[in-house]
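Beneath this line is the structure, given in structure tokens, with notes to follow.
The values are calculated or read from the model by the stated rules, or taken from the named source; none is laboratory data. Predicted, not measured: the structure shown is a model, and the values here were computed from it. Every residue, glycine among them, receives a Cβ derived from its backbone with ideal geometry; neighbour counts consider all protein chains shown. To get the accessible areas, we keep the full protein, side chains included, count just its heavy atoms, and leave off ligands, DNA and RNA. Shrake-Rupley method; radii C 1.70, N 1.55, O 1.52, S 1.80 Å.
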Amino acid sequence: MTRPGAKRSRTGAWAAILLLLASVAGAEAESVLPAGADYGVGLTLEESTPLQDVVSRPELYADRALLVKGKIRDVCQKKGCWMVLSDGESQMRIRFADYGFFVPKDSSGKDAYVEGRVAVKEISEKEARHYEAESIDGDPSKVHGPQRVVSFTATGVRLISADGSGTPPR
């Protein structure tokens with residue numbers, strides 16, 4: 001014999017269980033990006049914009065959050081407070097929001113996903129020489145006059161190990 005309302009209670013319980021299972025499954029499939037070591041506030045976007053597109057037409061991407069990926073070509077050797085990201089064709093200097101985090105100084109050669117905002121600006125010869133002096137093989141004497149640069153202010157970075165295993169760097 002079934003109590004009145006018992007069938008409704010079991011239906012509600014099954015619905016709650018299915019909802020819970022769906023949310024757990026959704027949490028497991030949350031990120032399609034490879035695992036790695038996160039710096040900053042982490043990554044919230046999953047679809048990346050080709051770095052070459054951003055560098056060639058930065059004004060199209062200004063004032064909105066972007067995720068880009070590439071290989072780290074250079075890192076500030078004093079603190080790790082900036083890096084240069086490249087896709088083999090294009091490259092862009094990445095600085096970190098509010099000087100709030102740094103990446104390891106030995107990150108060159110690693111793949112990275114970087115989330116933040118792009119801007120086009122002109123930097124002084126002095127600032128350009130400063131960056132050149134902090135580079136791995138920098139030569140500030142090569143810099144002459146102000147430089148037009150595409151810059152990217154990152155809120156989050158994910159470093160992927162060189163072997164692609166997702167094992168975080170040291």
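So which of Ala35, Ala62 is at pLDDT below 95, outside any helix (DSSP H, G or I) and closer than 29 Å to Arg129 by Cβ? Give the steps one after another, and end with the answer.
Numbers: Ala35 fails: closer than 29 Å to Arg129 by Cβ.
On inspection, the qualifying residue turns out to be Ala62.
Quick grid of which residues meet (1) over 21 Å from Thr44 (Cβ atoms); (2) not charged (D, E, K, R):
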| position | (1), (2) |
| --- | --- |
| Asp74 | yes, no |
| Cys81 | yes, yes |
| Ala119 | no, yes |
| Ser135 | yes, yes |
| Gly156 | no, yes |
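For segment 86-123, give me the residue count where each residue is in a loop (DSSP other than H, G, I, E, B) and either on the phi < 0 side of the Ramachandran plot or under 12 Å from the mean Cα position of the chain (by Cα) (or both). If you could, list the steps in order and put the result at the bottom.
Quick first cut of segment 86-123, residues in a loop (DSSP other than H, G, I, E, B) only: 87-90, 100-110.
Among the residues that remain, those that are also either on the phi < 0 side of the Ramachandran plot or under 12 Å from the mean Cα position of the chain (by Cα) (or both) are: 87, 89-90, 100-108, 110.
Qualifying residue count for the region: 13.
Looking only at segment 57-87, residues that are in contact with an Asp or Glu (Cβ under 9 Å, 6 or more places away or on another chain), open to solvent by 40 Å² or more (accessible area, probe 1.4 Å) and over 16 Å from Tyr113 (Cα atoms) come to 4 in all. Residues in segment 93-110 that are touching a Lys or Arg at 6+ places or on another chain (Cβ under 9 Å), farther than 12 Å from Gly156 by Cα and open to solvent by less than 60 Å² (accessible area, probe 1.4 Å): Pro104, Ser108, Gly109, Lys110.
Note on segment 112-128: among residues that are in contact (Cβ under 8 Å) with a residue 40 or more places away in the chain and open to solvent by 60 Å² or more (accessible area, probe 1.4 Å), the one that is nearest to Ala154 (Cα to Cα) is Arg117. When Thr153 is tested against (1) of a type outside the set (Lys, Arg); (2) modelled with pLDDT under 95; (3) open to solvent by 60 Å² or more (accessible area, probe 1.4 Å), exactly one condition is not met: (2).
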